[in-house]
Amino acid sequence: MSIGDTTVDRTVDRTVDRTGGQRTGPVFREDQVLERIDEFRRRRPRLLDEVVTLAHGAGGKASAALVDAVFVEAFRNRELEERGDGAVLSLPSGEKLAFSTDSFVVHPLRFPGGSIGHLAVHGTVNDLSMMGARPSWISAAFVIEEGFPIAELRRIAADMAEAAQAAGVEVVTGDTKVVASGAADGLFITTSGVGLIPPGRALSAGAVRAGDRVLLSGSIGDHGMAVMLARGDLGIEGDIRSDTAPLNGLAEALLEAAPSTRWLRDPTRGGIGTVCNELAQDTGLGVVLDELALPVAPVVLGACEMLGIDPIYVANEGKLVAVVAPEEADAALAAMREHPLGLGAVAVGEITDQLAATVALRTGLGGTRIVDMLVGDPLPRIC
């Protein structure tokens, strides 16, 4: 590597001039430190804890470490090692289906804009849609605390039925367990789903290329802040509604307009900051986001500022992030903006090979800062 009239010898801590002499200087040492930082950031997190903590369920570094060290290690197979929100499976007929499962433990069970019942359906429908599948059937398992009101259980089941009808899916099987009082915080729901992937459609991080555009279907942080304020223990009031919604229709509109779409993800736990870090880790490429382009509702931004939370890490339940080929970006945006759930769709960044496995944010002041994956999550129990 040439720097002016010197050549950096990366095997030892020195610089070598072109006459063959050697001199010590700060150039190599700084470069060496940066390389070590990059190498450290590219590593998968390691599990060092002896007990499970709330951070392990937050979707950040601690979650990744737990999944890798316990579950991937125990059940290792090709599909699981993809570490996606579901698995793409091939049938003997040659057709491909997507299979996903998720659990919902939100508190409170009801919040402005939705309930645990809406989330249970939307979450699984959206995971399937982000794999390019057309969701068809879901299962639902309920863990119910002794003493839970039957009337409230009926209302939550009705919310699930409403959400399923709106998404065009059916709840076709399930299970019910009742546990002793104090063992389940009211109600936990687990849903699994199956959907078929149309022939020729393949979405993966491996398809992402430098120069691709990063699109976002609307404002960030709505769901996380709606749930936080609904708890009522922060002394903050604001008209914030969860954006929970089924994304299968929006995803289909996008994929029809931009058939070369590389990758989709819904920014739930950990927000767009976390899903972009997962993408950077999976591809080895950099993701550069534009701070001024990221849409945040003023009331959400105000609540985040009062709580000292960066909205880039706050969850949505009705938005998607897409990486599309640059020549299809305009068509993709136009298609999303014609759908009710994509009216606020914007281009928020790009993929680059100038950064290795890193997410950077171009700030409004003209500088750049690194967006790292959080170790924990300031918003527990939001989905």
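Which value results when the Cα radius of gyration for the range 131-245 is divided by 2.2 N^0.38 Å?
Output field value: 1.41.
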| query | Viscosity 1.002 mPa s, temperature 20 °C: Stokes-Einstein D of the range 185-331 from its Kirkwood Cα radius, in µm² per second? | reply | 128
| query | Leaving out same-chain residues fewer than 8 places away, which lysines sit with a Cα under 30 Å from that of Lys319? | reply | Lys61, Lys96
| note | With Cα coordinates, the longest principal axis of the chain makes an angle with the long axis of helix 298-307, in degrees rounded to 10, of 70
| Which residue, Phe75, Phe148, Phe99, tops the fluctuation ranking in a GNM of the chain built on C-alpha contacts under 10 Å? | Phe75
| Measure of compaction for the range 40-180 (Cα Rg per 2.2 N^0.38 Å) | 1.21
| task | For the range 109-191, give the percent of accessible area contributed by carbon and sulfur heavy atoms, probe 1.4 Å, rounded to a whole number. | result | 56
| said: For a protection proxy built on the mean count of beta-carbon atoms within 10 angstrom, sort 149-160, 172-183 highest first, please. | reply: 149-160, 172-183
| message | Can you order the peptides 62-69, 190-197 by their average number of other Cβ atoms within 10 Å per residue, highest first? | response | 190-197, 62-69
| said: How much of the DSSP bridge set in the chain is antiparallel, in percent, rounded to the nearest 5? | reply: 80
| request: Taking just the C-alpha trace of the range 290-355, give me its Rg and Dmax in Å. | output: 13.9, 40
| task | Along each of the three principal axes of the Cα atoms of the chain, give the extent in whole Å, ordering the values from largest to smallest. | result | 85, 46, 45
| remark: Highest mean packing first, using Cβ neighbours within 10 angstrom, the peptides 304-317, 351-364 sort as 304-317, 351-364
| query | If the viscosity is 1.567 mPa s and the temperature 4 °C, what Stokes-Einstein diffusion coefficient in µm²/s follows for the range 244-383 when Rh is the Kirkwood radius over Cα pairs? | reply | 82
| field | Of all accessible heavy-atom area on the range 227-302, the percent that carbon and sulfur account for (1.4 Å) | value | 46
| Ignoring ligands, DNA and RNA, what accessible area per residue does the range 112-234 give at 1.4 Å, in Å²? | 40
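The values are calculated or read from the model by the stated rules, or taken from the named source; none is laboratory data. These figures come from a predicted structure and were not determined experimentally. Positions of Cβ are generated from backbone atoms using ideal geometry, with glycine treated the same way; all protein chains shown enter the neighbour counts. Surface accessibility is based on the protein's heavy atoms, side chains included, excluding ligands, DNA and RNA. Shrake-Rupley method; radii C 1.70, N 1.55, O 1.52, S 1.80 Å.
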